[in-house]
1. Of the residues 97, 110, which is on the phi > 0 side of the Ramachandran plot and modelled with pLDDT of 90 or more?
2. For segment 93-121, which residues satisfy the criterion of being assigned to a loop (DSSP other than H, G, I, E, B) and among the hydrophobic types (A, V, I, L, M, F, W, C)?
3. Search segment 42-67 for residues that are within 18 Å of residue 80 (Cβ to Cβ) and open to solvent by 20 Å² or more (accessible area, probe 1.4 Å) and pair each with any residue that is part of a helix (DSSP H, G or I) and of a type in the set (Ser, Thr, Tyr) when their beta-carbon atoms are under 8 Å apart and the residues are at least 6 apart or on different chains.
4. Across segment 68-92, what is the number of residues that are in a strand (DSSP E or B) and either at pLDDT 90 or above or surrounded by fewer than 13 Cβ atoms within 10 Å (Cβ to Cβ) (or both)?
5. Please tell me if residue 124 is in contact with a Leu (Cβ under 9 Å, 6 or more places away or on another chain) and assigned to a helix (DSSP H, G or I).
6. Every residue in segment 104-145 that is of a type outside the set (Asp, Glu) and without any contact (Cβ under 8 Å) to a residue 60 or more places away in the chain, please.
7. Given (1) open to solvent by 60 Å² or more (accessible area, probe 1.4 Å); (2) more than 19 Å from residue 51 (Cβ to Cβ); (3) among the acidic types (Asp, Glu); (4) touching a helix residue (DSSP H, G or I) at 6+ places or on another chain (Cβ under 9 Å), where does residue 114 come up short, assuming only one miss?
Amino acid sequence: MVRFFGKATGKVDDKGRLVFPSIFRDAMIRGCAEDMTLVVKKNVHQRCLDLFPYEEWVRRSDKVLENRDPELNIEDAEFWTKYNDGVFTLVPDGKLGRLNIPSELLESAGITKEVVFGGKLQIWDAETMKADLLSDEKFKETASRLSVRK
């Protein structure tokens, strides 16, 4: 399985394409997944996009579906429909590894030009990321609190 780590910046062109950073393309090559299909979707909690290898998306979706029955339960059906709204598959094109992100997703994340790829492979508008991330102090407080939960 391919795992993505690190942070990289990029730019969206006028057609909504952005070049998949070489640091992540290298991870795909090391994982023997050069032709990997990716899944992009709106993040549930933050104004950014999440990008997953297809297999990881399937694994996460299966986990979300555990103990739910969208076929027979209306609440589960409505949740599942919304959960999958705005989910798209992508295959990086050619040697450049450009990703053609649908305009509705770029708009939902406020992405216009400069982007930051980071963490678990999220795509952020550069300015939104600066404004929305936890401060260093709040991050330390949260880390301390979470470390004593178990």
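The values are calculated or read from the model by the stated rules, or taken from the named source; none is laboratory data. Just so it is clear, the structure is predicted and the values come from calculations on it, not from any experiment. Don't worry about glycine lacking a Cβ; one is built from the backbone with ideal geometry, like all the others, and counts go over all protein chains shown. Accessible surface is based on the protein model in full, side chains and every heavy atom, while ligands, DNA and RNA are left aside. Shrake-Rupley method; radii C 1.70, N 1.55, O 1.52, S 1.80 Å.
1. Every option except 110 fails the conditions.
2. The initial filter retains those residues of segment 93-121 that are assigned to a loop (DSSP other than H, G, I, E, B), namely 94-97, 101-102, 109-113, 119-121.
Result: 96, 101, 109, 111, 121.
3. These pairs meet every condition: 42/108; 64/83.
4. Initially, segment 68-92 is screened for residues in a strand (DSSP E or B), giving 88-90.
Add one more test, that the residue is either at pLDDT 90 or above or surrounded by fewer than 13 Cβ atoms within 10 Å (Cβ to Cβ) (or both), and what stays is 88-89.
Here the count works out to 2.
5. No, not satisfied.
6. Those that are of a type outside the set (Asp, Glu) and without any contact (Cβ under 8 Å) to a residue 60 or more places away in the chain: 130, 131, 133, 134, 135, 138, 139, 140, 142, 143, 144, 145.
7. (2)
Residue-by-condition table, conditions (1) modelled with pLDDT of 75 or more; (2) among the small types (Gly, Ala, Ser); (3) in a loop (DSSP other than H, G, I, E, B); (4) within 23 Å of residue 86 (Cα to Cα):
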| residue | (1), (2), (3), (4) |
| --- | --- |
| 1 | no, no, yes, no |
| 4 | no, no, yes, yes |
| 8 | yes, yes, no, no |
| 15 | yes, no, yes, yes |
| 18 | yes, no, no, yes |
| 23 | no, no, no, no |
| 27 | no, yes, no, no |
| 34 | no, no, yes, no |
| 39 | yes, no, no, yes |
